[in-house]
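Working notes for the structure below.
The values are calculated or read from the model by the stated rules, or taken from the named source; none is laboratory data. Everything quoted here is computed from the prediction, not taken from an experiment. All Cβ positions, glycine included, derive from the backbone under ideal geometry; neighbour counts span all protein chains shown. Keep in mind that these areas ignore ligands, DNA and RNA; they rest on the heavy atoms of the full protein, side chains included. Shrake-Rupley method; radii C 1.70, N 1.55, O 1.52, S 1.80 Å.
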Amino acid sequence: MQTEQNRITQLFNIQYPIIQAGMIWHSGWRLASAVSNCGGLGLIGAGSMYPDILRENIRKCKMATDKPFGVNVPMLYPNLEEIIQIILEEGVKIVFTSAGNPKTYTETLQKEGLTVAHVVSSTKFAVKCEEAGVDAVVAEGFEAGGHNGRDETTTFCLIPNVRQHISKPLIAAGGIALGSQMKAAMMLGADAVQIGSRFAATVEASAHDNWKKKITELNEGDTHLTLKELAPVRMVKNKFFTELEEIYQVGRNKDALIESLGRARAKRGMFEGDMENGELEIGQVSALIHDILPVETVFTNLLKEFEETKTPVL
């Protein structure tokens, strides 16, 4: 892939317009630093970290790379103010916020010299991001794993629509694991891509080996978007998913759904390796992931596929 600077590579001072998503239970310092060392932007996922664990990961990431990296902060999690304070104290320069109002911390962070991107799932909220003054917008289609938008808009539809409505640098997310998909997203108007699922199945990801292996075995239709009553999430259909479906069968009992989720389900599945009783969050693109690779190999493949994907001539 040619490495001429575009708006995203200039904004984050990186070599390639590839950002690793800050996924809970996957995105520790090892993954983030490996992605940054390869020329992309690694993100530490604060959503599954207590404040002291986040501080430790930031410090270890600084020791493991001299390249830019950032922290992803889901704004629906507790300890939010403490997490923001740690980010400022530790001198992190890039923050990706999600699952909340971009106005909440954008100005505060920018006044401290940080670059801020915000994740959205609709054109409406992308416009609100621009109004809030963010430095970049991540538009994520509902193919993506983990917490998701309610509108079920695909990346292929979302990116060109967002591009028509905002002028800020745009990052495409959701359903991107190959260099050809990366090229398609950029042809639709994205300046860069954010990749989650492909980096989840890497040697450096902090998730359990059982889960990484499971990702490589998934087929089309093995994930489903559910829990719209709470916060929509795409997950693998397993025993836990079936339990949720049974709750739906007897009525949309929000309290019962909360009770079922309240047993550290995501940690149990993705971090501790319980493939039946845990919450397993992954994108539809997992059907294209067949092996657990080092981050460096993922980068090599992405860039090679990007270059080899030719634009058809009409």
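Scanning the stretch 145-168 for residues that are under 11 Å from the mean Cα position of the chain (by Cα) and either open to solvent by less than 40 Å² (accessible area, probe 1.4 Å) or among the aliphatic types (A, V, I, L, M) (or both) gives Gly145, Gly146, Asn148. Of all positions in the stretch 157-172, none carries a residue that is farther than 22 Å from Gln10 by Cα, in contact with a Lys or Arg (Cβ under 7 Å, 6 or more places away or on another chain) and of a type outside the set (Asp, Glu).
Is it fair to say Lys214 is over 17 Å from the mean Cα position of the chain (by Cα) and either aliphatic (A, V, I, L, M) or under 26 Å from Gly39 (Cβ atoms) (or both)?
Working: over 17 Å from the mean Cα position of the chain (by Cα): yes; either aliphatic (A, V, I, L, M) or under 26 Å from Gly39 (Cβ atoms) (or both): no.
No, not satisfied.
When the criteria are applied in full, Glu140 fails the requirement of being modelled with pLDDT of 95 or more, farther than 26 Å from Met270 by Cβ and acidic (Asp, Glu).
Can you tell me which residue within the stretch 225-251, out of those that are β-branched (Val, Ile, Thr) and surrounded by 14 or more Cβ atoms within 10 Å (Cβ to Cβ), is modelled with the highest pLDDT? Before you say what the answer is, go through the steps one by one.
First pass over the stretch 225-251, keeping only residues β-branched (Val, Ile, Thr): 226, 233, 236, 242, 247, 250.
So of that shortlist, the ones also surrounded by 14 or more Cβ atoms within 10 Å (Cβ to Cβ) come out as 226, 233, 236, 247.
Details: Thr226: 86, Val233: 89, Val236: 96, Ile247: 80.
Ranking the candidates gives Val236 first.
Among the residues of the stretch 209-224, the ones that are out of contact with any helix residue (DSSP H, G or I) (no Cβ under 6 Å at 6 or more places or on another chain), in contact (Cβ under 8 Å) with a residue 12 or more places away in the chain and open to solvent by 60 Å² or more (accessible area, probe 1.4 Å) come to 5 in all. If the condition is being among the aliphatic types (A, V, I, L, M) and either open to solvent by 20 Å² or more (accessible area, probe 1.4 Å) or out of contact with any helix residue (DSSP H, G or I) (no Cβ under 9 Å at 6 or more places or on another chain) (or both), then the stretch 83-94 contributes only Leu88. When each of Val116, Val127, Val134 is tested for being within 16 Å of the chain's Cα centre (by Cα) and at negative phi, the lone residue that passes is Val116. Each residue in the stretch 95-144 was checked for being open to solvent by 10 Å² or more (accessible area, probe 1.4 Å), touching a residue at least 60 places away in the same chain (Cβ under 8 Å) and in contact with a helix residue (DSSP H, G or I) (Cβ under 7 Å, 6 or more places away or on another chain), and 3 of them qualify.
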